[in-house]
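Down below is the structure, laid out as C-alpha cells.
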Amino acid sequence: MAVDKASQPTLIQPLTPADLDAVVEIERLSFRTPWLRQAFEEEMARPWARVEVLHDTVTGRCVAFADYWLVADELHILNIATHPEARRQGHGARLLRHILKLARQASYKTVELEVRRSNLAAQALYRRFEFQQVGMRARYYEDNDEDAIVMTLRLRD
Ligand SMILES: CC(C)(COP(=O)(O)OP(=O)(O)OC[C@H]1O[C@@H](n2cnc3c(N)ncnc32)[C@H](O)[C@@H]1OP(=O)(O)O)[C@@H](O)C(=O)NCCC(=O)NCCS
C-alpha cells in the first residue's frame, strides 16, 4: 500500500532519556559501526550538540533521529537515520527540512556533512535539498577505508 507522505502526522522534538532506547536501536540497525548509548548521552550533554527525534504520532513510535552540531556559523550534521521499517515515508526529509529551517532562522552560513561514497540513498536525500559535493576525504571511515564525500549547503555568503 502506498504511503501518503504528506498526511503522516509526525512530531519532531529534542531527544530525552525516554527515547534513548529507540534511538540506539535505529542507530544499530542503520550503521555498520553504530554509536552506543553512551555516545548519545554525551551528545545530550554537549552544549553545542542537538539530537532531535521524530515520532509517528499515530503509533507513538520514535522512528527517526538527527544529530547535529552548531559550531560558529556552521551547522554540521553528524548523523541522520530512519528505522528500516519506516524508510521512504518522508521522515529523513522532514528532519532535514526542520534542521534547515532552524539554520536559516539562526542565520547560519553553511550546513555541512560527510557521507560514505557508497551511501547513495543519503546522497540522494541531500541532493534533493540542494547540497553539493565540495570535497572528498580519502579513506575517512576506518572500518573499511571508505572515502567520505563532503557535502555543503550554502545558506548565505
Ligand atoms: C538516508 C536515510 C536517512 C533516508 O531516510 P528516509 O526517511 O528513508 O528518507 P525519505 O523518505 O525522507 O526520503 C526523501 C528522499 O531521499 C531520497 N532517498 C531516500 N532513500 C533513498 C534510497 N534508498 N534510494 C534513493 N533515493 C533515496 C529520495 O529522493 C527520497 O524521496 P522519494 O521517496 O520521494 O523518492 C535512510 O535511508 C537511513 O536511515 N539510512 C541509514 C543511515 C544513513 O545512512 N544515514 C545517513 C548518514 S550520512
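Each value in this text was obtained by applying a stated rule to the coordinates, not by laboratory testing. As the structure is a computational prediction, the values presented were derived from the model and not from experiment. Glycine also receives a Cβ, built like all others from the backbone with ideal geometry; neighbour counts cover every protein chain displayed.
For a quick check of your reading of the filter: which trypsin sites (Lys or Arg not before Pro) in region 81-156 sit in a DSSP loop and have no more than 16 other Cβ atoms within 10 Å?
Within region 81-156, the qualifying trypsin sites (Lys or Arg not before Pro) (loop, at most 16 other Cβ atoms within 10 Å) are 87, 88, 109, 117, 156.
In the calculated pair distance distribution of the chain, what percentage of Cα-Cα distances lie above 28 Å? Before the final figure, lay out the partial values.
Working: 2155 of 12246 pairs.
In whole percent, the share of Cα-Cα pairs in the chain beyond 28 Å is 18.
Under a plain spin-label model, where a point goes 7 Å from the Cα along Cα-to-Cβ, how far apart in nm are residue 147 and residue 8?
Going by the 7 Å Cα→Cβ label model, 3.2 nm.
What number comes out for the charge environment of residue 35, summing +1 per Lys or Arg and -1 per Asp or Glu over other residues with Cβ under 11 Å away?
Summing Lys and Arg as +1 and Asp and Glu as -1 gives -3.
When a/c is below 1.5 the answer is rounded, else prolate if a/b is larger than b/c, else oblate, so apply that to region 70-157 with a ≥ b ≥ c taken from the square roots of the Cα gyration tensor eigenvalues.
It is oblate, given that a/c is not under 1.5 and a/b is not larger than b/c.
Could you tell me the calculated FRET efficiency between residue 46 and residue 16, based on Cβ-Cβ distance and R0 = 22 angstrom, to the nearest 0.05? Display every interim value, and only then the final one.
On the way: r = 16 Å, r/R0 = 0.71.
Rounded to the nearest 0.05, the efficiency is 0.90.
Can you check what the net charge comes to around residue 85, using other residues whose Cβ is under 14 Å from the Cβ of residue 85 (Lys, Arg +1; Asp, Glu -1)?
+2
Select from 24, 102, 82 the residue farthest towards the positive end of the dipole of the chain; place +1 on Cβ of Lys and Arg, -1 on Cβ of Asp and Glu, and compute about the Cα centre.
Of the candidates, 102 comes out farthest on the positive side.
Relative to the present Cα-Cα distance, how much length would full extension add between residue 136 and residue 58 at 0.36 nm per residue of separation?
24.0 nm
Based on alpha-carbon centroids, what's the gap between region 21-43 and region 135-157 in Å, whole number please?
So the separation of the two Cα centres works out to 21 Å.
Name the residue, out of 49, 72, 22, whose mean-square fluctuation peaks in a Gaussian network model built on the chain with Cα pairs under 10 Å.
Highest fluctuation of the listed residues: 72.
At 222 nm, what helix-only mean residue ellipticity would the chain give, in deg cm²/dmol to the nearest 500, using -39500 (n - 2.57) for each DSSP H run of four or more?
Numbers: 4 runs with 44 residues, N = 157.
-8500 deg cm²/dmol, from helical runs alone.
Stretched out fully, how many nm does the piece from residue 109 to residue 38 gain, at 0.36 nm a residue minus the Cα gap?
22.5 nm
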